1. Can you work out which of the residues in the stretch B:11-39 that are touching an Asp or Glu at 6+ places or on another chain (Cβ under 7 Å) and free of Cβ contacts under 8 Å to residues at least 60 places away in the same chain is nearest to B:Trp49 (Cα to Cα)?
2. Testing A:Thr167 on (1) farther than 22 Å from A:Leu125 by Cα; (2) among the hydroxyl-bearing types (Ser, Thr, Tyr); (3) touching a strand residue (DSSP E or B) at 6+ places or on another chain (Cβ under 8 Å), one condition comes back false. Which one is that?
3. Are there any pairs with C-beta distances below 6 angstrom linking a residue in the stretch A:46-57 that is over 14 Å from A:Gly19 (Cα atoms) and aliphatic (A, V, I, L, M) to a residue that is surrounded by fewer than 21 Cβ atoms within 10 Å (Cβ to Cβ) and modelled with pLDDT under 95, with the two at least 6 apart or on different chains, and if so which?
4. What are the residues in the stretch B:19-53 that are within 10 Å of B:Tyr69 (Cα to Cα) and either within 9 Å of chain A (Cβ to nearest Cβ) or assigned to a helix (DSSP H, G or I) (or both), if any?
5. Going by what's in this entry, would A:Phe205 be described as surrounded by fewer than 22 Cβ atoms within 10 Å (Cβ to Cβ), over 26 Å from A:Val61 (Cα atoms) and touching a Phe, Trp or Tyr at 6+ places or on another chain (Cβ under 8 Å)?
6. In the stretch A:1-45, what residues are surrounded by 20 or more Cβ atoms within 10 Å (Cβ to Cβ), hydroxyl-bearing (Ser, Thr, Tyr) and free of Cβ contacts under 8 Å to residues at least 12 places away in the same chain?
Amino acid sequence: MAINIKQLTKEFSDPLSIGITSGHRLCPGCAAPMTVKMALMVAKHLGYEVVVGLATGCLEVSTTIYPYTAWSIPYIHNAFENAASTIAGVETAYRALKKKGKLPVDKPIKFIAFAGDGGTYDIGLQALSGAVERNHNFLYILYDNEGYMNTGNQRSGSTPPGSETTTAPVGKAIPGKLQLKKNIVEIVAAHENVYAATATVGEPFDYMNKVEKALKFEGPSFIAVLSPCVRFWRIPEDAAPSITKLAVETKYWPLYEVEKGVYRITKKPRSFKPIREFIEKQGRFRNLLKHPDADRIISELQDYVDKRWERLLALEEATRDKPAR
Amino acid sequence: MAELKGWREIPIGGVIDKPATAMAFKTGTWRVMRPTWNEDKCVHYMMCWLYCPDNSIIVKDERMMGIDYEYCKGCGVCASVCPTKAISMEPETKFVEEG
């Protein structure tokens, strides 16, 4: 079933019905609430009731400043590292309540965890791996803003090379972060019976279709959503949709899904733009561009994204109709 | 925010026992640039509504009705995703009454 935006406007004309309300204190132009509202609308559109769990991060601290909460649906926050295990516990609790007859057995409830890249790539990785391995029925949405933006731009396992952060500044000693971004989707996809995908707010329909697929998937599912931080990517406040679109067009963020080991690229642009275009649009790379090593780093990154794209095409070909189980 | 509550009035654990209380916090005061909507140019494509991080686009019967300035933070995403440029960003100072 394709998502129809007119249908959604009819269903969610009351802003309170979406799940995340106005009055949260995320920065103007932040992509995190876009990520959240699109996912929640799809879930509710499909007739599910949603319970959300959050890891510590911008989204959590800005939506739940005491005594305010910007959530109109059941919400739980526990700690930074355990969004996945918390939502797994909630899922189990609801299952127990249904078993004891305290909740109708046929009530369709879905469990969605939202976490940033710090709470997924680095701090929450083992909790996520554990929850996926135990095969809980939940959806984990990573809003990837490529750094610890809540605490003021420290490097994370997701920060791209050459990016300026307070803990990996561009200077004489190093040209920004030296290492490549961790490939989190491959890590999650390496588990058994899992749906893992990449998406971005710049391609909303691709993202919403993946949310639908993930919610209908029997077992754990994971979507990594590239969701810019306007402050520390140093981009204009209105640039989140356009910059992520560019990320797809430059192969920086290929859109694909892995369902039980079967790869499928969901968007194949006809022509690609050089990665330099994506880098030049963002202030976080401004000092890199002035650095003597800039050309080397950018050409290495270009080489990396080209090879990754070729590899993805090959994987799609090789795994077609060959699910892992 | 209203005056502080005593400990007897706060729910156990300090939980927030009502949903969506953030609606009482009007983030519209943050706004520097104001989106202004040109109804004649609007084709009701609804991308602004889908993207708006503050749910500030008012819709009714599949049509855009206007912008909720109580919560709009003025980020301009609505203007940037509009295919017909029906929303333009103007400095908030233009709308401040003299005096």
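The values are calculated or read from the model by the stated rules, or taken from the named source; none is laboratory data. Treat the numbers as computed from the prediction; the structure is a model and nothing was measured. All Cβ positions, even for glycine, are placed from backbone atoms using ideal geometry, and neighbour counts span all protein chains on display.
1. B:Thr36
2. All conditions are met except number (1).
3. From the stretch A:46-57, the pairs are A:Ala55/A:Phe80.
4. The answer is B:Lys26, B:Thr27, B:Gly28, B:Thr29, B:Arg31.
5. No; evaluated as a whole, the condition is false for this residue.
6. Residue satisfying the conditions is A:Thr9 alone.
For (1) under 20 Å from A:Lys307 (Cα atoms); (2) within 14 Å of chain B (Cβ to nearest Cβ), each residue gets a yes or a no:
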site	(1), (2)
A:Gly176	no, no
A:Gly202	no, yes
A:Ala214	no, no
A:Glu218	no, no
A:Phe232	no, no
A:Pro236	no, yes
A:Ser271	yes, no
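Here is a yes/no grid of residues against (1) more than 9 Å from chain B (Cβ to nearest Cβ); (2) out of contact with any helix residue (DSSP H, G or I) (no Cβ under 7 Å at 6 or more places or on another chain); (3) not basic (Lys, Arg):
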position: A:Ile5; (1), (2), (3): no, no, yes
position: A:Lys10; (1), (2), (3): no, yes, no
position: A:Thr21; (1), (2), (3): no, no, yes
position: A:Gly47; (1), (2), (3): yes, yes, yes
position: A:Leu59; (1), (2), (3): yes, no, yes
position: A:Thr64; (1), (2), (3): no, yes, yes
